Each structure stands twice: as C-alpha cells, then as structure tokens.
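Below is one structure; the comments refer to it alone.
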Amino acid sequence: MTPEEPLPLAGLTVLDVSSFIAAPAAAAALGDYGADVIKIEPPVDGDPHRNSFRNASYPQSDRNFPWQLDGRHKRSLALDLKTEGARTILERLLKRADVMIVNFPPPARERLKLRWEDIEPINPRLIYCSLTGYGESGPDRDRPGFDITAYFGRSGILDAARYDGGPPGVSLPAQGDRATAMTLVAAILMGLRRRDQTGKGGWVGTSLYANGVWANGTTAAGALVGAELPVRPPPDRPRNALTNLYRTKDDRWLQLLMVRDDRLWETFCNLIGRPDLMADPRFTGRPERRAHAQELHDLLAPVFAGRSYADWEKLLSGTGIPFGVIGRLADVIGDEQAEHAGIFADTDNPAIPRTVNTPIRLGFAKPRKAGPPPEVGQHNDEVLRETGFSESEIEALKKAGALG
Amino acid sequence: MTETGLPLAGLRVLDISSFIAAPAAAVVLGDWGADVIKVEGPEGDPNRRIMHDSSNYPKSEVNYPWQMDSRNKRSIVLDLKQADARAALDRLIAVSDILICNFPPPVRDKLRLAYEDVKKVNPKLIYASLTGYGESGPDRDRPGFDATAYFARSGLLDAQRYEGGPPGVPGPAQGDRATAMSLVSAILMALMHRMKTGEGSWVGTSLLGNGLWSCGVIAQAALVGAFLPHRPPPDRPRSALGNIYRTADDRWLQLTIVRADKLWAPLCRAMGLEALIEDPRFATEPERRARAGELAGILSDTFATRPYEHWREALAAHSVTFGVISRPQDVPDDEQAVACGAVVETAIPDMPRTLADPIRLGFATPRVAHPAPALGEHGEEVLREAGVSAEEVASLKASGALR
C-alpha cells in the first residue's frame, strides 16, 4: 500500500465508514492521490454499493463496474459496529487515523456513538468528514437523502431541466454524488490545512442538497431576488435561434452557442452560404434576430439538416463560432481529446482495464493506478496487525463476531 | 481584506479568469478567507453582462449572477496587451500565492501567461488552470463552455434524454459550479505540496473531465461495453410505480416504490383507487410490470385530478415513498435550505440572500458576501499594496495600461 511516488496525500490514513457513492467516491479520490484508505463495512454483505450494478437504472453488465470504480485503492475491514469488540478496534484505528468519512443519518450516528462529539476525545487531531442528504440540522436532517431526491429533485435542478410543457429532466445514476465528492475532498483538504497550521482536527462536511443548490446556483440566485424563471422552449421554438440545438443530416444534435452574435453574425452568414441574410431587415441586429427567432430557426433548421455532423465540424472549426456536438458515450470513450485531457486511465484491474480519473490534475504528481477493490473483510488481519493487535486478540475478536 | 481564523486567511489569489467555473473557484477561496484580486481587461469580465446577454438567464433588476460570482473580490483593470501593464501584473504575481487562469492556451502564450512564464517571476506560485478540453490534444485551443464541454461533449446531454426526444437541458452554469469544486481541491493539494516542499506548481482541471467524472457510473459502464438505454417517457414507463406524474397544478411527483409487494395496497388507498387493490390485472409485481403502460395511464389520470399539496399529504399519510421535484422558486422558502446552510444572508443591500458554497467547516464560518466590485474599483489600492509607487501608478494610468 505504500505509494510509489511522493503523492500529496501519501502518509495519510483515511477511514471510509460510508456507503453508496458520494462519500466513498471522495475516499477513492483521496486514495488516487496517495492516502491509505481503509473501508469499514458490515460483515458478509459489506457496502450495499457492491450490489448497485444489479439496479435496473444502471447499464446492465455482468461486470461489477460501479463497485470497481468506487472501491479502488481501498482495503476492507469488516466490522459489526454494534458489537463492543468492534468499538475497541474502531477506537484503536481512530487514534492512528487522519481522516474519517461518515454518511450515516444522524440517528444512526448517535446510536453507534459516531458523532464528532463522540470521536473528538479519542483523536482531537482527526478530520471528521460528514456527508448528509439534507444537512446537519433542520426538519429533514434525519431523512436519508439520495442523489436523485436530495441533489436533483429537491434543489430544483430537475424542474429547471425541462422543456416547456414537457416532463422534468433526467438525471444519471450517481451524477450528483460524484460532483459532491469533489466538495468533500475540498472540505477535507481545508481541514488538513487548518490542522497543519494549528495542530487541531475538526468537523468538516457537506450535503447533497447544498451541492445541488450550488450547482443550480445561477437559477437559485435568480429565485432569491424574485427573478422570473423561464422554462426552456423546445429546440423548434427557441428564444434565440443562435444558441440552440439543431438536428443534422445524420441524426446527431449540434449545439450552436453563438453568444457573441454581435461579432459573429456576418461570419456565420457567409459560412452557411447565406450572405443574403445580412441584408435581411428581420436579422440586421441582435434585437431583430431575437424578435424573429422563430423565423430564423425555421430558416436554419433545414440548413443544419442538410449536412452531416462531421461536415459541420469541418465547416465551423476555427471560425470562432462556438458550437459542440451532443456527444454519445460510445464515442467519448474513444475520444482522442479525452485521452489528452487525462480523463480515462489504464488500471491494474482485469475486470475494468480502463477507468475514469478524478478531474483533479497536478503538475507534480500523477494519480495512482487503480487496482481491484477489496473483497468484504479482505484486509481484516493485515489492518488489525498494523494497528497493534496481537494474533490472539484478533482470534478472540473473530470469535466474538466483532470482525466479519 | 483577510480575516484570521479562516483556513485560507493570508493567501492572495489573482483571479485572471472570466465567466463562471474559474471565477467561482476564486469565490470559494474568498469565502474561506483568501484575498481575491480580480484582474480584468478594459471591457471587464463578460460575466458582468451575462444576465442580459444570455436568453437562458432569469432577468432581474439585480445583477445576481455577477454578484454571486464576484463576492468579496477586488477588481483591477489592466490592459495586458500593453507592455507596462504586463510588467505591473508581474509585480502582483510576485506577491501572490495563487493565480487562476482560464484563457485558451494561445492567448496565454500571447500574453506570456503560461505557467512557464509566471513560474520565473514567482516559483512558489500555484498556477491553477481551467480549460474546456484539457491542456493538449486536438481541441486544447478550443474555447469550452459548460453547455458544450461539460454537458454535450461528455455524453451527459445525450444520456439525459427521454427516448426519441431532444437532448437534456443543462441549467445555466450547472457544470461550471460543480467544476469549481474540483479546481478548489486541486489548489488545496498544491498548497499542501508547497507546505511540504516549499515549491509552487501547476494544477488544473477541465470542464470535459468534470462532466465525465460526474457521469462516471455510465462512463465506466461504457468502458466495459455496457450502455444505458434512454429513459422511456413518463407515459410509457418500465414500471408505473417508479415513474413521474403530473398533478392538477402542473407539478410533478416522483413515485419511488421499491417494495411494491408491501406498498401496492397503501398506494391504491392513498389515491382513492381501492378497487385496484384486488384487480387481477395488477395483482402481482410481474403483472404490474407487464401492464406498466396501462397502470401508468390510470395513475396519471388520477394524479391529474388533484393538486400537488393534496398528493403530498395523501402519500405521506399512507407511508408511500415519493420524491419531491421542487421548483427553483421553492428553494428560497425551504426551511431546510437555510438549515443546511445553502441559503445565507449577505451584506449586499439589493441582494440580501445568496447561495453559500457547499463546503461546511466546524471550525470556521465562511465570509459574509459583500458587493461585487465595480470595474477597476481597486486598481490603485492593489498595486500600491504590491509596492508599486504612486508615480508608477500615475504613469500606468496615463498610458492607459491601468484603467
């Protein structure tokens, strides 16, 4: 488990006492950058995320890809936290740990004596990182929160992500969880910075709800000042025909994003072979083009439908006109640019030869190569020995059922 | 401008960036105590005008996006194309800890703002780079935006659509703000590295990388050859009990019944459809699945007869699990949004409340938001702090390098 390079988090021990995705993904990111991550799971079944791949809303595969993704770099210790023996083990581990990540709902933390107040006396230098669905206080503090309910539903993102008259938008599995993980990483790093400065540990945390509201911050900030929130018209009735989606000849979608049409209109008219539009009084200035958005759309839709996406790509590239394709994942995984951007990485894990990197890039270090995630309790003996337990103590704990 | 007790107090940040993702990262650093100096060109950050320029922004008398993305910053206007302005910037770089830059690479080269250029001026500097598509490769020079790089190119919008429908709708700056948290994490790792080694460094992230990280589950699936089928629209669901329904007042309810065997009867009672409980068409879960469209039709007609509030109470009374699809306008009055610290008060008279960044620390409270700066409001003050003399400031102003 010793990292090969001087990674920025090398030497830190993280206890990942969390389940499912947002909090464990933060622990995986810490592991990417050198931390020694010990996952504490219930015996036998472990983290229920080990079975997420059977969920009907996940892409169907015989490989357990979500667990491989979120379990990387971790060692597993199977503890039944309800037993006294497990508590002894946990406290010994806590004394040596730097970071602990918890996402039990508050009542479970109280029951298991896993609140920061309970832990601080054991190790006042610990960074205690809390993830909740809805925050640490308020009427919904005890409510279990998930990505789709807390981050997307409650925050207003799904309502805002719809076309006029249509159903709410669609969120992808764990989409908000993974974005939230980066906030947890930032919170933990702030805790570590403060510890470097003062010697003191502390509580840090975030909630799925707060992250959803933050991501939706522009719309939410508008709501806070009472601004009228427009529902997006469907692509065939745009408010602005120059920032809109168009279907191409080969049934792809091209996103035109000409925000600075004050500068780019003439370039665009020439490119599409319609220099006559420049003289058309309906489209001479920005206000006219907005006022006649529907007519402009009706003119442009057949123009875009006349060529394939590849032809548009050739025509528009390098002109300064912002545009993009609506990418398909089938293409993205082979996207040369994604390789250059370090988005995917090779692994040492035969089950998933390639994986998704965290979005963090450092000039002075590369993230660790991902190996296979652990079996439930795979590292029980190893972790306990490192923590100073003797063979006979380990045997006794196993017999008592504390150790799974 | 710094307060002690905050984890980033004492750090000086040069925010040489525009629009949203990179400036939002600077906001977060400012929230936690850093002194953030926004370096703008003579026309200012176009984000000052985005509320008017973009048709997808709610319109208001208050320039709320600019206020939100520039809180607690100071502004200096330098025309970096002029040699003496560029030299003045070096004076600021020499006394700064962090530089945030999101110019496309060719502009960085032209302005001598690549990491190799500024490292010579201050080897302890942390250079945080945001790009649309990464630092190399065929699209490195391409300007990337939230909608194009984070959402479209990553495959998110294609995956977020209903079968046969157009691509999903990204909220304004939604991916930018998520990306800001990665940039903050990258900067904090570099600060940790500097504390250990004394050396500055380059760190960065891309909008494309963040989009793919957020859809990591389906991206990882694609990497092993598994793909997510597009979601069927609500009138043709795979399961009528895991589906969304429109209420009489045009709200939407999300039924999320996993234990259908237990909750079928309570659901029927909550909806006043007792006759369905024993209906042989829907007696078992396999039958309900097989007739999902038919069942969804019945439920849909019933949900459409009463308003959202009625259904919320009725479902809760029968312990039927459902998800709320809030409207953005519900968030300001949501007690829980305040309790979880998402909605906070400001010291900005015409915008009394704003959104906190999602980081919570037990040992520090983020700075209260003060008004975003006027263009160039703090130019002289900032340069004088960096040791530039009054005469030099006057001559920079006379030449138009400083506005």
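Candidates are the residues of segment A:153-164 that are more than 20 Å from residue B:336 (Cβ to Cβ) and touching a residue at least 60 places away in the same chain (Cβ under 8 Å); the one that is farthest from the other protein chains (Cβ to nearest Cβ) is A:164.
Looking only at segment B:190-211, filter to residues that are among the hydrophobic types (A, V, I, L, M, F, W, C) and over 15 Å from the mean Cα position of the chain (by Cα); which one of those is nearest to residue B:8 (Cα to Cα)? This residue is B:191. Only residues that are over 15 Å from residue A:81 (Cα atoms), touching a helix residue (DSSP H, G or I) at 6+ places or on another chain (Cβ under 8 Å) and charged (D, E, K, R) were counted across segment A:95-116, and they come to 1.
Of A:211, A:270, A:240, all but one fail to be part of a helix (DSSP H, G or I) and touching a Ser or Thr at 6+ places or on another chain (Cβ under 7 Å); the exception is A:211.
Of all the residues in segment A:172-199, those that are more than 7 Å from chain B (Cβ to nearest Cβ) and assigned to a loop (DSSP other than H, G, I, E, B) number 1. Reported count of residues in segment A:214-223, each being assigned to a helix (DSSP H, G or I) and either in contact (Cβ under 8 Å) with a residue 40 or more places away in the chain or open to solvent by 10 Å² or more (accessible area, probe 1.4 Å) (or both), is 4.
Of the residues B:108, B:71, which single one is within 14 Å of chain A (Cβ to nearest Cβ) and among the charged types (D, E, K, R)? Residue meeting the stated conditions: B:71.
Residue count for segment B:107-126 under the criterion of being in contact (Cβ under 8 Å) with a residue 60 or more places away in the chain and open to solvent by 50 Å² or more (accessible area, probe 1.4 Å): the result is 3. Within segment B:321-339, the set of residues being more than 7 Å from every other protein chain (Cβ to nearest Cβ) and in contact with a helix residue (DSSP H, G or I) (Cβ under 6 Å, 6 or more places away or on another chain) comprises B:322 only. Checked against (1) within 7 Å of another protein chain (Cβ to nearest Cβ); (2) within 23 Å of the chain's Cα centre (by Cα); (3) surrounded by fewer than 22 Cβ atoms within 10 Å (Cβ to Cβ), residue B:355 passes all but condition (3). So residue B:265 fits all but one of (1) loosely packed, with under 15 Cβ neighbours inside 10 Å; (2) closer than 23 Å to residue A:164 by Cα; (3) of a type in the set (A, V, I, L, M); what number is the exception? In the conditions (1) loosely packed, with under 15 Cβ neighbours inside 10 Å; (2) closer than 23 Å to residue A:164 by Cα; (3) of a type in the set (A, V, I, L, M), residue B:265 misses (2) alone. The set of residues in segment B:242-261 that are closer than 23 Å to residue A:157 by Cβ and either facing chain A (nearest Cβ under 7 Å) or assigned to a loop (DSSP other than H, G, I, E, B) (or both) comprises B:242, B:243, B:244, B:247, B:249, B:250, B:251, B:252, B:254, B:256, B:257, B:258.
Exactly one residue out of B:137, B:155 is touching a residue at least 60 places away in the same chain (Cβ under 8 Å), in contact with a helix residue (DSSP H, G or I) (Cβ under 6 Å, 6 or more places away or on another chain) and at the interface with another protein chain (Cβ under 10 Å from one of its Cβ atoms): that is B:155. Could you please find all residues in segment A:15-27 being in contact with a His (Cβ under 8 Å, 6 or more places away or on another chain) and more than 10 Å from every other protein chain (Cβ to nearest Cβ)? Passing the criteria: A:19, A:20, A:24.
Could you grab me the full set of residues in segment A:27-82 that are touching a residue at least 60 places away in the same chain (Cβ under 8 Å), among the β-branched types (Val, Ile, Thr) and either under 24 Å from residue A:205 (Cβ atoms) or out of contact with any Gly (no Cβ under 7 Å at 6 or more places or on another chain) (or both)? Listed by number, the list holds a single entry, A:38.
Of the helices (runs of 4 or more DSSP H) lying entirely inside segment B:310-403, not one is found with 3 or more residues being among the aromatic types (Phe, Trp, Tyr). Within segment A:236-282, the set of residues being without any contact (Cβ under 8 Å) to a residue 12 or more places away in the chain and surrounded by 15 or more Cβ atoms within 10 Å (Cβ to Cβ) comprises A:260, A:269, A:280.
Apart from one condition, residue A:378 fits all of (1) surrounded by fewer than 21 Cβ atoms within 10 Å (Cβ to Cβ); (2) touching a strand residue (DSSP E or B) at 6+ places or on another chain (Cβ under 7 Å); (3) within 11 Å of another protein chain (Cβ to nearest Cβ); the exception is (3). Within segment B:198-228, take every residue that is touching a residue at least 12 places away in the same chain (Cβ under 8 Å) and more than 7 Å from chain A (Cβ to nearest Cβ) and give me the one that is nearest to residue B:134 (Cα to Cα). Within segment B:198-228, the match that is nearest to residue B:134 (Cα to Cα) is B:207. Would you check if there is a residue in segment B:141-154 being open to solvent by less than 40 Å² (accessible area, probe 1.4 Å) and more than 23 Å from the chain's Cα centre (by Cα)? No, segment B:141-154 has no match at all. Restricting segment B:31-44 to residues that are more than 16 Å from residue B:92 (Cβ to Cβ) and touching a Lys or Arg at 6+ places or on another chain (Cβ under 8 Å) leaves a set whose member that is surrounded by the most Cβ atoms within 10 Å (Cβ to Cβ) is B:32. Going through (1) more than 7 Å from every other protein chain (Cβ to nearest Cβ); (2) part of a helix (DSSP H, G or I); (3) open to solvent by less than 20 Å² (accessible area, probe 1.4 Å) one by one, residue B:194 falls short only on (3). The set of residues in segment B:55-106 being among the β-branched types (Val, Ile, Thr), open to solvent by 10 Å² or more (accessible area, probe 1.4 Å) and modelled with pLDDT of 95 or more consists of B:95 alone.
For segment A:291-370, the helices (runs of 4 or more DSSP H) that sit wholly inside it and include 2 or more residues that are surrounded by 16 or more Cβ atoms within 10 Å (Cβ to Cβ) and in contact (Cβ under 8 Å) with a residue 12 or more places away in the chain are A:293-304, A:309-316. For segment A:147-201, the candidate set comprises residues that are at positive phi and touching a Lys or Arg at 6+ places or on another chain (Cβ under 8 Å); within that set, the residue that is least open to solvent (accessible area, probe 1.4 Å) is A:156.
The values are calculated or read from the model by the stated rules, or taken from the named source; none is laboratory data. What you are looking at is a predicted structure, and each value in this text was computed from that prediction instead of being measured. Backbone-built Cβ (ideal geometry, glycine too); neighbour counts: all protein chains shown. The accessibility values were calculated without ligands, DNA or RNA, using every heavy atom of the protein model including side chains. Shrake-Rupley method; radii C 1.70, N 1.55, O 1.52, S 1.80 Å.
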